[in-house]
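Engineer: What follows is a structure written as structure tokens; I'll ask about it next.
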Amino acid sequence: MMKVVRSEHKERLDYLNLPIRSFRRLGRIILMACHSMGHALIMLGSATLYIRTIWRPRARRETATQLYITGIKSLGVITVVALFTGMILALQTGLELRRYGQEEFIGSAVAVSVIREMGPFMTGLIIAASVGSAIAAQLGTMAVSEEIAALEVMSINPNRFLVMPRLVALALMMPILTVYTNILGILGGGIVGTTQLGVSFQAYLDNATRFAENKDLYVGLLKAVVFGVIIATVACYQGLTTTEGAVGVGRATRQTVITSFLLILIVGYMITRLFYI
Amino acid sequence: MIAFENVTKKLGGKVILDDVSFEVPKGETFVVVGLSGAGKSVTLKHMVHLLVPDRGVVRVGDDVISEARGPELERMRSRFGVLFQGAALLQWLSVFENVALPLRENTKMGEEEIKKTVLEKLSLLNMQEAAEKYPSDLSGGMKKRVGLARAIVMSPEIILYDEPTSGLDPVTSRLIDELIENLRKELGVTSVVVTHDLHSALSIGTHIMMIDGGKIVENAPPDKFIRSENETVKRFLESQYITRRGAWEKGMEGHG
């Protein structure tokens, strides 16, 4: 009897403690997030300061390698995604516009949405998933096999040796890839406009160039640079702080993709809001 | 040369080092032995600030390395060479580039001088033939030898070895033991060796310290170490067939 009463009392206490426990857990998560963000920003600041050493032969070679990995090796997937994004956009908007006999305006609809939003956004997502995850996996493997510790002991700062070249490569290559995505996206829209909606390619292009402003391009490119910095920071931070062997490397890779996606969405929205409202 | 003063370290809620104090004398080969998970590698990592104590300090000469930051820490670390357990070679660099890395990054040496120094260190470890190979082409033992060449390439005052002979064949193990011994005798290098291999420890060590459960259970020269009255040390010696009659005498009783 005594036992039953005690158990009921405990259950009631657990029930009462539940909000407190949840609140405590939430607090711990927020503190951890702030801690990680602080460290990631310190790493970013340190790597930015080391950009002055980029002319050293080894840093130059490493940056060139990272530019090649980020740019050339991502071209295939970016080409396919950009073309189809433009085609889907043109098809969806074109079908709606045709109902009102306004299909010649698909040029402007595709161009503005691709240059302003979809170009940097799609490029960011592709680079985060391909290059960002690869950076996290590489640096994570180095961390668990003590290669990062070896660099530190040799007085070689990992922020200079590893983070800086990747940061520069992503910040430089993202706008270039975004321009490429924009061109292919608009081209994809043009193909659909010509073949499916009966709009001449010249009319499509005229319409696209008439409505898209220089500001759209500049804001899109600014987003691309910011997204590049975000991907490099998240990937390098996750990689360098990897622990617990192969499981840790997997976790760092997954966390890189998720965090980069979320930050690209949030920061993309904030930049749009800053320049257009 | 290196001094631990009341160092305590917890990892994952578990006490790894519990109020540990000892000193590594200059020019000596100080060997740290103990069972797996006893805190040997953690001790080694404290010496180069890869870990910092929760309590206590670690000194290197007059410097407190456990509290150093930035350029000051880099200066203190430049006195060390470290051979990591898995060698920790950078996978995308060749053997030559791995060994040349500290020279290229931290000195103003010309390429000719770097080449001469690197090949000299590689030949000390019979690895000059593998200079153009990549770490993925090497066996575990070869990687370790390259890691050792990298650790000594800057001619450091202090060299730390984390399990230098584990997983190596007996011939290569003796080669590495001889190298550690020669560095001490000829260049007066201070060495700290973390190992399970008591035979190696007794042949190269001038001091042997055993850690168990985060505490130092013995710290003595080899001849006194093998005569220790501590039960943990006795069991550890017996497990490797080393008796009190002599460091090299295997206890063959009951082994045919």
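The values are calculated or read from the model by the stated rules, or taken from the named source; none is laboratory data. Values in this document were obtained by computation on a predicted structure and should not be read as measured data. All Cβ positions, even for glycine, are placed from backbone atoms using ideal geometry, and neighbour counts span all protein chains on display. In case anyone asks, the SASA skips ligands and DNA or RNA and just uses the protein heavy atoms, side chains included. Shrake-Rupley method; radii C 1.70, N 1.55, O 1.52, S 1.80 Å.
Engineer: Quick query: amide H of B:E28 versus all other amide H atoms, modeled in the peptide plane; which residues come in under 5 Å with a sequence gap of 5 or more or a different chain?
Structural biologist: B:S191
Engineer: Can you pull the percent of the protein assembly as shown's accessible area that's carbon plus sulfur, 1.4 Å probe, other chains left in place?
Structural biologist: On the protein assembly as shown, the fraction of accessible area on carbon and sulfur atoms equals 61 percent.
Engineer: Only sites in a loop by DSSP and with at most 16 other Cβ atoms within 10 Å count here; which GluC sites (Glu not before Pro) in the range B:72-157 make the cut?
Structural biologist: Here the GluC sites (Glu not before Pro) that fit, given the DSSP loop and packing criteria, are B:E132.
Engineer: OK, next. Anyone know which of B:V52, B:V192, B:V171 comes out most mobile in the 10 Å Cα GNM of chain B?
Structural biologist: Judging by the Gaussian network model, the answer is B:V171.
Engineer: Given A:S108, B:T190, B:L89, which one lies farthest toward the positive end of the charge dipole of the protein assembly as shown, if we put +1 on the Cβ of every Lys and Arg and -1 on the Cβ of every Asp and Glu?
Structural biologist: The residue sitting farthest along the positive end of the dipole is A:S108.
Engineer: Lysines within cross-link reach of B:K9: Cα-Cα under 19 Å, excluding same-chain residues under 8 positions apart?
Structural biologist: Within the straight-line cut-off, B:K9 pairs with B:K40, B:K45, B:K215.
Engineer: Moving on to the next point. Tell me the volume per residue, in Å³, of the convex hull enclosing the alpha carbons of chain B.
Structural biologist: Normalising the Cα hull of chain B by residue number yields 143 Å³.
Engineer: Can you list the aspartates and glutamates whose alpha carbon sits under 13 Å from that of B:K10, skipping same-chain ones fewer than 8 residues off?
Structural biologist: B:D18, B:D19, B:D54
Engineer: Using a probe radius of 1.4 Å on protein heavy atoms only, what is the accessible area buried between chains B and A, both sides summed, to the nearest 100 Å²?
Structural biologist: 1700 Å²
Engineer: Which Cα, out of A:Q238, A:I135, A:L222, lies furthest along the positive dipole direction of chain A (beta carbon charges, K/R +1, D/E -1)?
Structural biologist: A:Q238
Engineer: Can you give the accessible area per residue of chain A, in Å², using a 1.4 Å probe?
Structural biologist: About 53 Å² of surface per residue is accessible.
Engineer: Rg/Rh for the range B:93-178 to two decimals, with Rh computed the Kirkwood way over all alpha-carbon pairs.
Structural biologist: On the Cα set of the range B:93-178, Rg over Rh gives 0.96.
Engineer: Binning at 10 Å from 0, report for the range B:112-249 what percent of all alpha-carbon pair distances ends up in each bin.
Structural biologist: The percentages, shortest bin first, are 11, 38, 31, 15, 5, 0.
Engineer: Right, here's the next one. Under a GNM of chain A (C-alpha, springs under 10 Å), which listed residue has the highest mean-square fluctuation: A:V77, A:V153, A:V257?
Structural biologist: A:V153
Engineer: Separate question: For chain A, I need the span (max minus min coordinate) of the C-alpha atoms along each principal axis, in Å, sorted largest to smallest.
Structural biologist: Principal-axis extents of chain A (Cα, largest first): 83, 65, 33 Å.
Engineer: Still on this structure: Tell me the accessible surface of A:L265 in square angstrom (1.4 angstrom probe, heavy atoms of protein chains only), to the nearest ten.
Structural biologist: About 90 Å², rounded to the nearest 10.
Engineer: For B:I2, which sequence-distant residues (separation of 5 or more, or a different chain) have an amide H within less than 5 Å of its own amide H, given hydrogens modelled in the peptide plane?
Structural biologist: Here B:V24, B:G61 satisfy the definition.
Engineer: Angle between the Cα long axis of helix A:57-70 and the longest principal axis of chain A, 0 to 90 degrees, nearest 10?
Structural biologist: Once rounded, the angle reads 70 degrees.
Engineer: Let me ask something else. Is there a quick way to get the dipole size of chain A? I mean about its Cα centre, with the Cβ of Lys and Arg at +1 and of Asp and Glu at -1; what is the value in debye to the nearest 20?
Structural biologist: Roughly 840 debye, rounded to the nearest 20.
Engineer: For the range A:46-151, state which chymotrypsin sites (Phe, Trp or Tyr not before Pro) are in a DSSP loop and have at most 16 other beta carbons lying within 10 Å of their beta carbon.
Structural biologist: Here the sparse-neighbourhood loop sites are A:W55, A:Y100.
Engineer: In the range B:1-46, which trypsin sites (Lys or Arg not before Pro) are in a loop and have at most 15 other Cβ atoms within 10 Å, using DSSP for the loop call?
Structural biologist: Taking the range B:1-46 and a limit of 15 other Cβ atoms within 10 Å, the loop trypsin sites (Lys or Arg not before Pro) found are B:K26.
Engineer: Let me ask something additional. What angle do you read, to the nearest 10 degrees and between 0 and 90, between the alpha-carbon axis of helix A:133-144 and the longest principal axis of chain A?
Structural biologist: 30 degrees
Engineer: Once you have all Cα-Cα distances for the protein assembly as shown, histogram them in 10 Å bins from zero and send the whole-percent values.
Structural biologist: Result returned by the calculation: 4, 15, 21, 19, 15, 12, 8, 5, 2, 0, 0.
Engineer: Setting aside same-chain residues fewer than 8 positions from B:K121, which lysines have a Cα under 24 Å from its Cα?
Structural biologist: B:K121 reaches B:K26, B:K108, B:K133, B:K143, B:K144, B:K185.
Engineer: Amide H neighbours of B:L17 under 5 Å, at least 5 residues apart or on other chains, H built in the peptide plane: list them.
Structural biologist: B:K9
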